[in-house]
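The values are calculated or read from the model by the stated rules, or taken from the named source; none is laboratory data. Predicted model only: the values in this text are computed from it and were never measured. Note: ideal-geometry Cβ built from the backbone for every residue, glycine included; neighbour counts use all protein chains shown. In case anyone asks, the SASA skips ligands and DNA or RNA and just uses the protein heavy atoms, side chains included. Shrake-Rupley method; radii C 1.70, N 1.55, O 1.52, S 1.80 Å.
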Amino acid sequence: IFPNTSLLWPQLFRTLRIWHPRGPDKIEVWAWSLVDKQAPPEVKDAVRMLSLLTFSPAGFFEQDDMENWQTCTETAKGLMTRRYSHNISMGLGREHQDEELPGIFNSSPSETNQRGFYDFWSEMMTADSWDKIRLAPRTAV
């Protein structure tokens with residue numbers, strides 16, 4: 001499922017997304033809202049409405065996100081973007097291990113997830129074999 005699947009797991013609703021590249025500057029996203037099978041019908045309906053109001057093509061968040069993604073795609077084609085390395089250092093050095101959960105955490109605004117994503121993607125793309133890829137959770141630096 002890596003790298004084309006993502007989960008958004010806030011307290012009120014959950015979404016699962018599959019990202020389908022459709023060319024160098026196009027992507028198609030399939031999204032599902034998830035709700036507990038045992039939830040009462042009124043809860044299921046509330047989750048459906050909340051999902052439509054926030055994460056749909058006409059939703060509050062999706063419209064803003066779509067504008068940002070399109071602008072990032074256009075900006076990535078520019079001269080300055082090609083001239084300099086991509087900077088994803090926000091929050092670097094503030095990561096920590098949780099005593100009970102696996103992986104790396106950062107409670108302040110950061111790009112910890114992006115660094116982990118691209119680190120693992122790079123490892124997968126350059127490994128000689130699947131056996132050389134670390135599947136265990138990463139540890140904080």
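Descriptive notes on the structure:
- Selection from region 32-48 of residues that are in a loop (DSSP other than H, G, I, E, B) and not basic (Lys, Arg): 35, 36, 38, 39, 40
Residue-wise test of (1) surrounded by 13 or more Cβ atoms within 10 Å (Cβ to Cβ); (2) over 20 Å from the mean Cα position of the chain (by Cα); (3) of a type in the set (S, T, N, Q).
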| site | (1), (2), (3) |
| --- | --- |
| 84 | no, yes, no |
| 88 | yes, no, no |
| 96 | no, no, no |
| 107 | no, no, yes |
| 112 | yes, no, yes |
| 120 | yes, no, no |
| 125 | no, no, no |
| 129 | no, yes, yes |
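- Residue in region 94-103 that is free of Cβ contacts under 8 Å to residues at least 24 places away in the same chain, in a helix (DSSP H, G or I) and acidic (Asp, Glu) present: no
- Hey, residue 51 under 19 Å from residue 3 (Cβ atoms) and either acidic (Asp, Glu) or not in a loop (DSSP other than H, G, I, E, B) (or both) or not: no
- Verdict on residue 116 being at pLDDT 90 or above and either outside any loop (DSSP other than H, G, I, E, B) or not aromatic (Phe, Trp, Tyr) (or both): no
- Which listed residue, of 15, 73, is surrounded by 13 or more Cβ atoms within 10 Å (Cβ to Cβ) and not in a helix (DSSP H, G or I): 15
- For residue 21, the criteria (1) open to solvent by 60 Å² or more (accessible area, probe 1.4 Å); (2) in a loop (DSSP other than H, G, I, E, B); (3) of a type outside the set (Val, Ile, Thr); (4) within 23 Å of residue 119 (Cα to Cα) hold in every case but one, which is (2).
- Look at (1) more than 15 Å from the chain's Cα centre (by Cα); (2) at pLDDT 90 or above and you find that residue 75 fails only one, number (2).
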